[in-house]
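Encoded as structure tokens, the structure appears first; notes follow it.
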Amino acid sequence: MRVLALIKRICQQMFRDKRTLALLFVAPLLILTLMYFLFNGSTVNPKLGVVGIDENLVKIIEKAKIDVKQYEKVTAKTVVADDLDGLLEQDNGKFKLTLQNDDPGTAKALQMKVNQAVAAAGQIKLIQQNPALAANITQKNIETKYVYGNKDTVFFDVLSPILVGYFVFFFVFIISGIGLLRERTTGTLERLMSTPIRRTEIVTAYLVGYGIFAVIQTVIVVFYSINVLDLVLVGSIWNVLLINLLLALVALSLGILLSTFAASEFQMIQFIPIVIIPQIFFAGIFPPEGMADWLRAVGKIMPIYYAAGALKDVMYKGAGFSEISGDLLALVIFAAIFIVLNIFALKKYRKL
């Protein structure tokens, strides 16, 4: 009977806690649905620009499920400017393949397909009628260059900048949210709100207080990742720090905001599957080109979308401040919105 009584009490507590029930039954469905649309997105063919390539070879390349765009003239910036996965040029019977290599997996697959297409073209009768051309159509004569990285670049080189930002965001969010929640549960916040202190002053104090530790954590993570783990860094480390500090500010203000809606540390943790986990799907690990338009729109309302893009551009592609200024502005806007919402959220704790 005592065991049944305990079981009954636990069930009653669970039914009273609607948020826990939602986490238990609804959150897994939302995450699974999101993953379903991500993994079942449309397959995007690689884009290849060609210059001076024989029409028969172009047809073979197109049969390999490669979108071909023909050019008469190109510049050194054509691959990046037109967002091509690669550019194949032919000069005096010799081939030069330039790969953007922003996604090493796509680059290697494109390189393999182009090599196979060029080798197959050497067997076509029309090409064999030109011995000088046929003799040079071999894989050995395809000179390969890379816009980003090199032939040894692996997917983790692209993934590592995203992970640096994501872990900064995750841990700052948890620490700030639980920290303010503890202030509420111990009665400290209520006593503060009963004094003449303004809500803006409280929010500012908590942001600065927890922000000091967020800055220290961010600096440690960035320097450890680059100097100890030797993660790829082509651009400026100061831009990397700036991006992560702004992301930490967003996570800090968001964590404090959501903590006002939690009654316990357990309820604060419940926000992770809803707020934190979905962000990783839009951080650049999955190519956005294969997503539906509405799914891409969802990604653009998530802070990590902009932070991860900026970190990848700086650490892997060597982008400068001007090139990431739009992403930085987006992070500032997110932080400003959450800070203003924090001020209004504290109003319900003011009793006087």
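The values are calculated or read from the model by the stated rules, or taken from the named source; none is laboratory data. Please read all numbers here as calculations on a predicted model, not as lab measurements. Positions of Cβ are backbone-derived with ideal geometry, glycine not excepted, and every protein chain shown enters the neighbour counts. Just so you know, the surface numbers come from the protein's heavy atoms only, side chains and all, with ligands and any DNA or RNA stripped out. Shrake-Rupley method; radii C 1.70, N 1.55, O 1.52, S 1.80 Å.
Just to be sure before I move on: is ALA107 small (Gly, Ala, Ser) and within 23 Å of PRO161 (Cα to Cα) in the structure I sent? Break it down into steps so the answer makes sense when it comes.
On the way: small (Gly, Ala, Ser): yes; within 23 Å of PRO161 (Cα to Cα): yes.
Here the answer is yes, as ALA107 does meet what is asked.
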**Message:** Need pairs with beta-carbon distance below 8 Å; first residue open to solvent by less than 10 Å² (accessible area, probe 1.4 Å) and within the range 158-185, second among the charged types (D, E, K, R); sequence gap 6+ or separate chains.
**Reply:** VAL158/ASP102; VAL158/ASP103; VAL158/LYS312; PRO161/LYS312; ILE162/LYS312; LEU181/GLU265
**Item:** Which numbered condition ILE276 fails, given (1) loosely packed, with under 15 Cβ neighbours inside 10 Å; (2) part of a helix (DSSP H, G or I)
**Value:** (1)
**Request:** Can you tell me which residue within the range 186-209, out of those that are closer than 18 Å to ALA263 by Cα and either in a loop (DSSP other than H, G, I, E, B) or modelled with pLDDT of 75 or more (or both), is most open to solvent (accessible area, probe 1.4 Å)?
**Result:** THR186
**Among (1) open to solvent by 90 Å² or more (accessible area, probe 1.4 Å); (2) modelled with pLDDT of 70 or more - the single one ALA27 does not satisfy** = (1)
**Asked** Picking from ALA76, ALA81, ALA109, which residue would you name as being under 30 Å from LYS312 (Cα atoms), open to solvent by 10 Å² or more (accessible area, probe 1.4 Å), among the aliphatic types (A, V, I, L, M) and modelled with pLDDT of 85 or more?
**Response** ALA109
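Pull up the range 41-58, narrow it to residues that are open to solvent by 50 Å² or more (accessible area, probe 1.4 Å) and at pLDDT below 85, then point me to the one that is farthest from LYS94 (Cα to Cα). Walk me through how you get there before you give the answer.
Here is the first cut: in the range 41-58, the ones open to solvent by 50 Å² or more (accessible area, probe 1.4 Å) are 42-45, 47, 52, 54-55.
Now restrict to residues that are at pLDDT below 85: 42-45, 52, 54-55.
On the way: SER42: 35, THR43: 31, VAL44: 29, ASN45: 25, GLY52: 11, ASP54: 12, GLU55: 16 Å.
The residue in question is SER42.
Just checking, does the range 243-259 include any residue being outside any helix (DSSP H, G or I) and not basic (Lys, Arg)?
The answer is no; no qualifying residue exists.
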**Index of the failed condition, PHE37 passing every other in (1) within 15 Å of VAL114 (Cα to Cα); (2) touching a helix residue (DSSP H, G or I) at 6+ places or on another chain (Cβ under 6 Å); (3) open to solvent by 30 Å² or more (accessible area, probe 1.4 Å); (4) not in a strand (DSSP E or B)** = (1)
**Request:** Could you look through the range 84-102, keep only residues that are crowded, with 16+ Cβ neighbours inside 10 Å and out of contact with any strand residue (DSSP E or B) (no Cβ under 6 Å at 6 or more places or on another chain), and pick out the one that is modelled with the highest pLDDT?
**Result:** GLN100
